[in-house]
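Only one structure is covered here, and it is reproduced in the block below.
The values are calculated or read from the model by the stated rules, or taken from the named source; none is laboratory data. For clarity, every value in this text was computed on a predicted model and none was experimentally measured. Here the Cβ positions follow ideal geometry from the backbone for every residue, glycine too, while neighbour counts run over all protein chains shown.
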């Protein structure tokens with residue numbers, strides 16, 4: 001568990017994780033799937049796109065940057081592909097016209113080698129700003145997979161927790177100062193929040209990096225304030241999509257961690273005006289100190305166009321600059 | 001006499017592995033203005049044909065159109081009535097599936113049938129009865145935000161009155177089985193009296209159609225025997241996510257007709273034949289063979305296409321054996 005070692009008055013800007021794939025990546029992934037190009041050729045393009053996104057984040061002065069996950073398809077499948085015991089299953093729908101390949105646990109989960117460390121090192125080599133290490137949490141991998149092996153969900157989740165812990169430790173050894181363990185599924189079942197907490201405890205226990213978890217689109221009225229027991233330094237939450245409804249809860253039970261404040265909707269083409277974003281930040285400042293606040297989009301931006309994502313991120317930075325000047 | 005087999009509603013939209021996903025492509029193209037609504041209609045109809053043929057091929061007695069046009073059980077109706085806007089994404093119960101939450105901003109009013117045309121098409125390409133599915137008024141209210149009535153009872157009753165017209169039109173179009181989905185009622189036992197009034201209104205004008213009150217994703221323990229007082233012909237309970245429904249079933253009056261969810265619509269593991277036969281056999285013993293319908297535990301859209309197919313084949317195969 002770690003504090004934040006960044007310059008400035010707080011309200012640090014960052015991103016939740018994924019950024020849009022440029023069309024040359026989408027095309028190259030299709031060609032790779034059809035066997036028309038080899039792995040190395042795709043990888044070169046992914047490195048180029050990663051570099052472009054890091055340069056963009058640096059150009060607008062982002063405090064904590066992400067590698068954009070250009071080389072990942074889906075946040076669970078990416079890990080499932082590398083972990084023995086998980087197989088990639090068929091397509092299922094997540095919402096609207098969006099589908100993902102839902103993994104199937106067919107045997108005990110293990111880890112043969114680090115999964116994310118090489119990409120993290122590459123991304124960090126491109127910038128002076130700290131790059132977040134990005135992992136998918138054990139509870140979410142379990143919840144978003146089918147289970148044909150484990151007798152209980154707890155057995156499944158705790159095996160995953162040990163694997164993700166090993167990955168996090170490797171990221172920290174490589175130099176990561178910020179490690180995010182996404183648990184978007186954490187708000188799904190209130191009767192399993194204890195399991196989320198137990199599993200996250202296994203992952204973060206050996207870490208001294210600043211740890212973050214991102215949770216989204218759930219029934220926060222029931223999950224809050226208990227979610228504050230999740231053993232991480234920062235919780236990143238969506239506020240734009242839910243119209244800042246959680247602030248009412250903060251009035252009753254103070255938010256005790258660092259917050260990642262999602263201020264733009266990632267499922268809308270609409271560009272939020274700078275002033276609207278600034279107003280959202282000001283409303284939140286009534287409950288949380290600026291030095292405890294990170295500002296970012298609601299969720300990963302991968303479903304937006306490149307232009308929409310750049311504009312949304314630029315507007316966030318401009319809004320932050322306005323509010324910083326008022327502190 | 002064998003146990004009747006049916007499905008709950010949705011069916012996987014993606015093609016079997018390796019096939020072309022025409023519906024997804026068409027929806028993307030429509031978003032970019034690269035195609036016409038006629039193409040989308042054709043894609044929907046083709047997929048309806050396919051999923052009905054698959055259900056019939058597996059041996060299912062009462063099928064659905066697979067809800068191939070729907071993203072979820074409420075927005076197709078909310079978009080069609082007056083009084084609603086469609087808002088932000090929210091998790092659909094405890095699934096990794098999200099829906100856009102309807103927001104009620106004005107009086108809820110009927111603006112003509114929402115699903116009658118699609119029902120008629122499905123029935124025209126099926127050789128067995130097609131079940132029409134509508135959301136229950138209590139679940140509809142729980143999945144929505146009410147910014148207009150500011151009164152749960154009034155909101156539910158307003159929805160019930162629109163759903164009653166939909167149900168009436170579906171019957172007029174030839175629906176012999178109408179299912180009313182009320183999964184949210186399981187977590188809202190305080191709404192049981194309201195549900196009774198609201199569902200009475202929904203089914204009030206029906207004369208020939210059989211009605212099924214369906215629940216899923218959990219047990220009806222908190223409703224207890226009260227669930228069997230709702231004014232419908234058949235009660236749908238999920239025995240996979242709600243094993244305690246066995247206890248609830250003991251509270252059912254003699255002669256209660258049951259639609260039992262017995263194969264897991266949310267996990268790929270195929271139920272062993274013997275286990276499934278034992279489950280169906282014991283339910284048949286409890287309610288009587290003639291009163292039992294069996295089904296997956298929920299809509300099959302949570303599974304990949306091939307897995308959904310295998311589950312249905314297994315269900316029909318075992319159900320026939322139990323009835324024999």
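Residues checked against (1) over 14 Å from residue B:299 (Cα atoms); (2) in a helix (DSSP H, G or I); (3) out of contact with any helix residue (DSSP H, G or I) (no Cβ under 8 Å at 6 or more places or on another chain):
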site	(1), (2), (3)
B:11	no, no, no
B:14	yes, no, no
B:24	yes, yes, yes
B:27	yes, yes, no
B:44	yes, yes, no
B:49	yes, yes, no
B:68	no, no, no
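Take the conditions (1) within 14 Å of another protein chain (Cβ to nearest Cβ); (2) not in a loop (DSSP other than H, G, I, E, B); residue B:106 misses just one of them, which is (1).
Name the residue that is farthest from the chain's Cα centre (by Cα), counting only residues in the stretch A:14-44 that are assigned to a helix (DSSP H, G or I) and within 27 Å of residue A:177 (Cα to Cα). Per the criteria, the residue is A:44. In the condition set (1) more than 25 Å from residue B:247 (Cα to Cα); (2) in contact with a strand residue (DSSP E or B) (Cβ under 6 Å, 6 or more places away or on another chain), residue B:314 is compliant with all but (2). Count of the stretch B:290-324 residues, restricted to those that are at pLDDT below 95 and in contact with a helix residue (DSSP H, G or I) (Cβ under 8 Å, 6 or more places away or on another chain), is 3.
When B:138, B:153, B:162, B:202 are screened for being part of a helix (DSSP H, G or I) and either farther than 25 Å from residue B:64 by Cβ or without any contact (Cβ under 8 Å) to a residue 12 or more places away in the chain (or both), only B:153 passes. One residue is enough: does the stretch B:83-93 have a residue meeting the conditions touching a helix residue (DSSP H, G or I) at 6+ places or on another chain (Cβ under 9 Å), more than 18 Å from residue A:93 (Cβ to Cβ), within 14 Å of another protein chain (Cβ to nearest Cβ) and free of Cβ contacts under 8 Å to residues at least 24 places away in the same chain? Yes, the conditions are met somewhere in the stretch B:83-93.
Within the stretch A:193-233, restricting attention to residues that are within 14 Å of chain B (Cβ to nearest Cβ) and more than 25 Å from residue A:265 (Cα to Cα), which residue is surrounded by the most Cβ atoms within 10 Å (Cβ to Cβ)? Before you say what the answer is, go through the steps one by one.
Step one: filter the stretch A:193-233 for residues within 14 Å of chain B (Cβ to nearest Cβ), giving A:193, A:195-196, A:215-223.
Then drop every residue that is not more than 25 Å from residue A:265 (Cα to Cα), which leaves A:193, A:195-196.
On the way: A:193: 19, A:195: 20, A:196: 28.
Looking at the filtered set, the residue picked out is A:196.
The strands (runs of 3 or more DSSP E) found entirely in the stretch A:60-151 that carry 2 or more residues being modelled with pLDDT of 95 or more and more than 14 Å from chain B (Cβ to nearest Cβ) are A:133-136.
Taking the criterion of being over 20 Å from the mean Cα position of the chain (by Cα) and either within 14 Å of chain B (Cβ to nearest Cβ) or surrounded by 21 or more Cβ atoms within 10 Å (Cβ to Cβ) (or both), the residues of the stretch A:256-277 that qualify are A:269, A:270, A:272, A:277.
Could you please let me know if residue B:61 is in contact with a helix residue (DSSP H, G or I) (Cβ under 6 Å, 6 or more places away or on another chain) and either under 30 Å from residue B:283 (Cβ atoms) or surrounded by 17 or more Cβ atoms within 10 Å (Cβ to Cβ) (or both)? Judged against the criteria, residue B:61 is not a match.
Of the residues B:125, B:116, B:133, B:153, the single one that is surrounded by 24 or more Cβ atoms within 10 Å (Cβ to Cβ), more than 14 Å from chain A (Cβ to nearest Cβ) and either modelled with pLDDT of 95 or more or over 16 Å from the mean Cα position of the chain (by Cα) (or both) is B:133.
Considering the stretch B:15-30 alone, what residues qualify as being surrounded by 13 or more Cβ atoms within 10 Å (Cβ to Cβ) and either at the interface with chain A (Cβ under 10 Å from one of its Cβ atoms) or more than 11 Å from residue B:43 (Cβ to Cβ) (or both)? Before you say what the answer is, go through the steps one by one.
Kept after step one, since they are surrounded by 13 or more Cβ atoms within 10 Å (Cβ to Cβ), are these residues of the stretch B:15-30: B:15-16, B:21-30.
Passing the criteria: B:15, B:16, B:21, B:23, B:24, B:25, B:26, B:27, B:28, B:30.
Has the stretch B:171-194 got any residue that is under 17 Å from the mean Cα position of the chain (by Cα), farther than 17 Å from residue B:8 by Cα and touching a residue at least 24 places away in the same chain (Cβ under 8 Å)? Yes - at least one qualifying residue is present in the stretch B:171-194.
When the stretch A:1-26 is filtered for residues that are over 25 Å from residue A:313 (Cα atoms) and either crowded, with 18+ Cβ neighbours inside 10 Å or at pLDDT 95 or above (or both), nothing remains. Residues in the stretch A:177-191 that are within 14 Å of residue A:157 (Cβ to Cβ) and at the interface with chain B (Cβ under 10 Å from one of its Cβ atoms) were compared, and the one that is surrounded by the fewest Cβ atoms within 10 Å (Cβ to Cβ) is A:191. All conditions in (1) on the phi > 0 side of the Ramachandran plot; (2) touching a residue at least 12 places away in the same chain (Cβ under 8 Å) hold for residue A:76, with the sole exception of (1).
Do we find that residue A:236 is under 20 Å from residue A:53 (Cβ atoms) and either within 17 Å of the chain's Cα centre (by Cα) or surrounded by fewer than 23 Cβ atoms within 10 Å (Cβ to Cβ) (or both) in this structure?
On the way: under 20 Å from residue A:53 (Cβ atoms): yes; either within 17 Å of the chain's Cα centre (by Cα) or surrounded by fewer than 23 Cβ atoms within 10 Å (Cβ to Cβ) (or both): yes.
So residue A:236 passes the test.
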